[in-house]
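Derivation of every value follows stated rules applied to the coordinates shown; laboratory data play no part. Predicted model only: the values in this text are computed from it and were never measured. When we count neighbours, we look across all protein chains shown, and the Cβ atoms used for this are built from the backbone with ideal geometry, even at glycine.
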Amino acid sequence: MNSWNVFGHDWAVEMLHGHVIQGSLRHAYLITGPGGVGRRTLALRLAQAVNCPTPSAPGVPCRLCRVCKQIEAGQNIDLMVIQAESEGGTLKVDRVREVQKFLSLKPYQSPFKIILFLRFQEANANAANALLKTLEEAPSYGLLLLTAENAEQLLPTIVSRCEIMRLRPLPLEATHAFLETQGVAPEKARLLAHLANGRPGYALRLAEDEKTLAFRAEKLDDLRQMLASSLCERFGYAEKLAKDKETLRRTLFLWLSWWRDVLLRSAGAASALTNMDRTEEISLVAAQLTLATVRKITSTLENSIEKLDKNVNARLLLEVTLMDWPLLK
């Protein structure tokens, strides 16, 4: 573990720590990577490192003082956290305009006023343009931290004004080991490391969320049942599932991960499966289908997820998706 107690991403911690102790902080940082990889944690550690009044070493936050604990909870008076109301929602311009008011006053008790924008890829065009104005006019005591899945989702003019830190998923073995240090049983840690695809934060959330794991098991069981069901039974299932769009979206993503595993098996790839606890059924299905068939099913699912966000008829979309699935006993 590095000096900031951030699992993985040692290179990013070393670089940011250097900026802090050398007094060479940029006025804005963009931390990219898939959700759950550690973007928010890294941003909060930087916030603690610059504002901790009792560092354990130069540029190393103590994480025990009142300021550090408040920052960890996102409730410090000199920290503002800006994000869409819900994950997958839209960050609107009014929230970004609040930042300008926040920065108009000097820090209350710390060297820096820090604004943390979470999932900034969810900002609409007006919000993005408002941030650009803030980036151009930020005072010397302002530190702007943005997280996003990737830089390509943002305006090039915003990206060009930020120091970019690109976080990558960690090796499965490392994620597995991390979970065990957090008290997760070895077999469960192994499964979660695969499901999280090298994202330790997401893996840890899964470990603490039995409801999500139960939902996954239920929907993957449904998938296997649909492969053995008649068209009439599939349409009946589609009618029920399509009533809740968010549940449908989550289900489609789970099904997509399962079919991608089938695709790997069909192609003879030796890559580790995401749904490794379903290896036997995945291998059985892969043995009965051609690579072209599995590719078509996977592509259709990807298109269905994309169309779902465009307000199409959810029931009809799911019926068409299930119609193309083969009948397997």
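Starting from the Cα gyration tensor of the stretch 8-71, take the square roots of the eigenvalues, sort them a ≥ b ≥ c, and report rounded, prolate or oblate (rounded when a/c is under 1.5, otherwise prolate if a/b is larger than b/c, else oblate). Provide the component values of the computation, followed by the final result.
Working: a/c = 1.84, a/b = 1.29, b/c = 1.43.
Because a/c hits 1.5 or more and a/b fails to exceed b/c, the stretch 8-71 counts as oblate.
Just from its helices, what would the mean residue ellipticity at 222 nm be for the chain, if runs of 4 or more DSSP H residues each count -39500 (n - 2.57) and the sum is divided by every residue, rounded to the nearest 500 deg cm²/dmol?
On the way: 15 runs with 179 residues, N = 329.
Result for the chain, helices only: -17000 deg cm²/dmol.
Separation of the stretch 151-208 from the stretch 250-329 is 24 Å, based on Cα centroids.
Taking R0 as 45 Å, what's the FRET efficiency between M15 and L316 from their Cβ-Cβ distance, rounded to 0.05? Walk me through the intermediate numbers first.
On the way: r = 50 Å, r/R0 = 1.11.
In this case the efficiency is close to 0.35.
Ranking L105, A287, S229 by Cα position along the charge dipole of the chain, where only Lys, Arg, Asp and Glu carry charges on their C-beta atoms, puts L105 farthest toward the positive end. A P(r) calculated from all alpha carbon pairs of the stretch 247-290, with 5 Å bins opening at zero, reads 5, 25, 32, 20, 11, 5, 1 percent.
Take the alpha carbon atoms of the stretch 219-237, find their center, do the same for the stretch 71-129, and report the distance between the two centers in whole angstrom. So the two Cα centres are separated by 44 Å.
Annotation: extensible slack from E187 through T212 equals 7.2 nm (criterion: 0.36 nm per residue apart, minus Cα-Cα distance). Take the alpha carbon gyration tensor of the stretch 157-210, find the square roots of its eigenvalues, order them as a ≥ b ≥ c, and report rounded if a/c is under 1.5; if not, report prolate when a/b exceeds b/c, else oblate. The shape class here is prolate.
Principal semi-axes of the equivalent ellipsoid, √(5λ) from the alpha carbon gyration tensor of the chain, are 42, 24, 16 Å from largest down. When the square roots of the Cα gyration tensor eigenvalues are ordered a ≥ b ≥ c, the ratio a/c for the stretch 220-263 is 1.5 or more and a/b does not exceed b/c, which makes its shape oblate.
Over 27 Å between Cα atoms, which of K69/K106; K245/K329; K92/K113 qualify? Working shown, then result.
On the way: K69/K106 21 Å; K245/K329 29 Å; K92/K113 21 Å.
Exceeds cut-off: K245/K329.
Write out the GluC sites (Glu not before Pro) in the stretch 80-148 meeting two conditions: DSSP loop, and at most 15 other Cβ atoms within 10 Å of their Cβ.
E85, E87
Dimensions of the stretch 212-323 along the principal axes, based on C-alpha atoms and rounded to the nearest Å, stand at 38, 30, 27, largest first.
For K243, a cut-off of 18 angstrom between C-alpha atoms picks up these lysines, skipping any fewer than 8 places away in its own chain: K219, K307, K310.
Note: the stretch 10-166, Cα convex hull, 105 Å³ per residue. Between 0 and 90 degrees, the angle of helix 231-241 with respect to the longest Cα principal axis of the chain falls at about 20 degrees. Axis angle, to the nearest 10 degrees, between helix 125-137 and the longest C-alpha principal axis of the chain: 20 degrees. The N5 and E136 beta-carbon pair, evaluated with R₀ = 45 Å, returns a calculated FRET efficiency of approximately 0.85. Computed from Cα atoms, the angle from the helix 210-227 axis to the main principal axis of the chain rounds to 30 degrees.
Here the gap between K329 and A125, fully extended at 0.36 nm per residue and compared with their Cα-Cα distance, gives a gain of 68.5 nm.
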